[in-house]
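All remarks here apply to the structure that follows.
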Amino acid sequence: MIERALRKLVSALIELWDRPLLGSRRVGAELASPSPVGKRADSRIVVLVAVCLALLAAAGSYVRSSMFAPVLYMAYGYGTDDRTGPRTHNLLFDGDVPQYTAIMTQRGHSHHGVYSNRHPLVSLYLFPPAKILRFFGLSPPESVHVTMAMTCGVWTILMFSLLVVWGCRLVDAAVFTVLALISASSMVWHPVPESYPIGSATIIAALILTLWPRNASPLIRYTAAAAVSLSMTLTNAIVGLIAGARGLATRDLWIAGTSAWFIVCMLWVLQKWAFPVVEFFLPPREVNAMWFSLTPNRIAQVLQVMLSHSIVMPEFGVMSGSERIPPSTAVRMMTVQKSLLGTGGLWGLIATFAWIGLVGLGVWAACSIRCALSTLCLLVGGTLMAFYLVWGTETFLFSLHMVPFLIVLTAGVTFTRWRPLSLALAIVVIVLGGANNWGQFQKAVAITHEIDAFARTFPAE
């Protein structure tokens, strides 16, 4: 009896390993017609795995956010100006953590106006969830931690769903979703209040809309994709625009683009009513100082940050704000802009080589199977990369926007005969890269506590 049960279990695992999630699949296709038989059971498994991954991701995000010293979330430490506290913004890889904390906790703060100029619906995305949590008794800091944990959970579901809708097997979708979660970008940015976790989620949502629901009108799907991608970050609008340009006729592309613009503008009007200090998102202000000349050194730095550091964190440095270009008033800043590949230690070096091999296979697979989604991710990712080559100081700040494209690119190898190798490399990156990233994250946490101790030396008001 036990032997029979074990045989059934092994057979089920083999079937799970080798079977697409929602029915039959064509190699390189976006998604074949689902099989009516077994779809219900498969859907239950998909939902169960997605929920488990989301809960684990949200719990991890909450734990990591609680590890940071309180000073990370404060603009002047425990004071109110330069006389009573140090400037602690830009501390975490140039992130604006105190500013977004203010957006999430103070409805009338001036930062709603400053950041809505570059992030069209930032106040609608960030303030209401935290406000609801405070209504149920959470303190402002706790509401921030829980909101970002929920964001991480939603991001995880979207990432897993994208791979499922694309046609990946259950094992493959789970492995590459975990790979996305242990990435350096995810480990650093999901726990803290910033625009990039939500911006990355809107990118994934837009990619999903290019594939699903397949029974909906392409015009509706691409309009929704354009609106979603525009809603959080102006530069992310190219996701919807490039996808629409590849999937729609010229006339329909104009309709989708103008409709998406109208939708976001109407939502901005709602945001303006709820948050009177917000500004319109065009033209963006305060961006001229962030342009850089295209030099070999700049190209090398941005490429290694976006293609490698975003997944496997190297040994990062710490500098004063005055060393930043343009200068910052922050007392300290963490940076990986000039860090070399694989400098986080032996595990990080091995994980970096495994990741580079996986990316190489991904590029080969994208060129071989000519899958629509892989091609789209190469186009959009390449366009964003070209923009970051000339704009932005600490490009690791934007790296979470690149992670979905890298995950899709590498997951595409599972559609080829090199699937076992790709999964083996992905597991190496998950285990060794995850351990490396956790070690570097703990060093970042230690630095925030050092700054916290320094902030407490300032005279009380």
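Quick look at the values:
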| read-out | value |
| --- | --- |
| Overall form of segment 147-188 per C-alpha gyration tensor (a/c, 1.5; a/b vs b/c) | oblate |
| Kirkwood hydrodynamic radius (C-alpha pairs) into Stokes-Einstein, the chain, 20 °C and 1.002 mPa s, D in µm²/s | 94 |
| Net charge of Cβ neighbours under 12 Å - reference Val278; Lys, Arg +1; Asp, Glu -1 | +2 |
| Inter-label distance, nm, simple model (7 Å from Cα along the C-beta direction), Val445/Ala300 | 3.4 |
| Segment 67-219 shape via C-alpha gyration tensor axes, a/c threshold 1.5 | prolate |
| Helical mean residue ellipticity (222 nm; -39500 (n - 2.57) per DSSP H run of 4+; nearest 500) of the chain | -20000 deg cm²/dmol |
| Radius, Kirkwood style, for segment 152-285 when every pair of distinct Cα atoms is counted (Å) | 16.0 |
| Qualifying chymotrypsin sites (Phe, Trp or Tyr not before Pro) in segment 136-238, DSSP loop, other Cβ atoms within 10 Å at most 12 | Phe136 |
| Full-extension gain in nm, Ser43 to Ser139, via 0.36 nm per residue minus C-alpha separation | 30.8 nm |
| Helical segments meeting 30 Å axial Cα length and Kyte-Doolittle 0.0 threshold in the chain (DSSP H) | 39-67, 140-166, 250-274, 346-369 |
| Full-extension gain in nm, Ala372 to Trp438, via 0.36 nm per residue minus C-alpha separation | 20.3 nm |
| Shape call, segment 370-437: gyration tensor on alpha carbons, a/c limit 1.5 | oblate |
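Any read-out appearing in this document is the output of simple, stated calculations on the displayed coordinates, not a laboratory observation. As the structure is a computational prediction, the values presented were derived from the model and not from experiment. Backbone-built Cβ (ideal geometry, glycine too); neighbour counts: all protein chains shown.
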